[in-house]
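The structure under discussion appears below in the form of structure tokens.
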Amino acid sequence: MDTPFDTAAGPEPAPSLGERLDEYSKPIAAWMDLCKKQTAAVHKLQAAVAGGALRDVERLRQAALAATTAAAEHAGGLPPLEFDAARWLSDEDGFLAEIRAAAEEAGVRLYERDGVVFCYP
């Protein structure tokens with residue numbers, strides 16, 4: 001027989017995958033901004049060279065080099081994503097808790113049978 005999940009509040013769950021990815025995306029967004037500045041600096045250097053603006057070339061080359069260094073340093077300081085997906089998928093406070101919360105928020109009742117989670121329309 002199908003049994004409904006109990007959606008009563010329990011202990012505070014670990015950060016969700018979505019929360020962890022949102023957190024990890026912040027330094028990546030900063031890295032992207034630095035890369036955009038690097039690209040803009042290189043474009044200015046290229047335009048100066050193409051236009052023969054000899055007095056600007058060295059200053060723009062130094063600016064492009066500084067932007068490249070800043071982006072590379074930021075990238076080098078970005079740690080790997082630490083997330084135990086196997087634990088999250090098997091843990092009661094992981095994937096199942098997120099599914100339960102989403103179902104409750106949507107007004108959907110989940111059922112479990114033989115370790116399989118499903119719902120009826």
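The values are calculated or read from the model by the stated rules, or taken from the named source; none is laboratory data. This is a predicted model, so every value here is computed, not measured. FYI the Cβ positions are ideal-geometry reconstructions off the backbone, even for glycines, and counts take in every protein chain you see.
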Q. Would you pick out the residues in the stretch 106-121 that are under 17 Å from Leu89 (Cα atoms) and of a type in the set (Val, Ile, Thr)?
A. Val116, Val117
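Regarding Arg55, is this residue modelled with pLDDT of 85 or more, over 21 Å from Cys35 (Cα atoms) and charged (D, E, K, R)?
Details: modelled with pLDDT of 85 or more: yes; over 21 Å from Cys35 (Cα atoms): yes; charged (D, E, K, R): yes.
It is true that Arg55 is modelled with pLDDT of 85 or more, over 21 Å from Cys35 (Cα atoms) and charged (D, E, K, R).
So, Ala29, is that one of a type in the set (Gly, Ala, Ser), modelled with pLDDT of 95 or more and within 28 Å of Gly76 (Cα to Cα) or not?
Numbers: of a type in the set (Gly, Ala, Ser): yes; modelled with pLDDT of 95 or more: yes; within 28 Å of Gly76 (Cα to Cα): yes.
Yes: the conditions hold for Ala29.
So that you can scan it fast, the table gives a plain yes or no per residue for (1) under 22 Å from Glu23 (Cα atoms); (2) in contact with a helix residue (DSSP H, G or I) (Cβ under 8 Å, 6 or more places away or on another chain):
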| site | (1), (2) |
| --- | --- |
| Val49 | no, yes |
| Asp56 | no, yes |
| Ala63 | no, yes |
| Phe83 | yes, yes |
| Glu105 | no, no |
| Val117 | no, yes |
Q) Can you pull out the residues in the stretch 1-23 that are under 30 Å from Phe118 (Cβ atoms), modelled with pLDDT of 75 or more and surrounded by 11 or more Cβ atoms within 10 Å (Cβ to Cβ)? A) Ser16, Leu17, Glu19, Arg20, Leu21, Asp22
Q.
Restricting to the stretch 69-120, give me the number of residues that are within 24 Å of the chain's Cα centre (by Cα) and charged (D, E, K, R).
A. 10
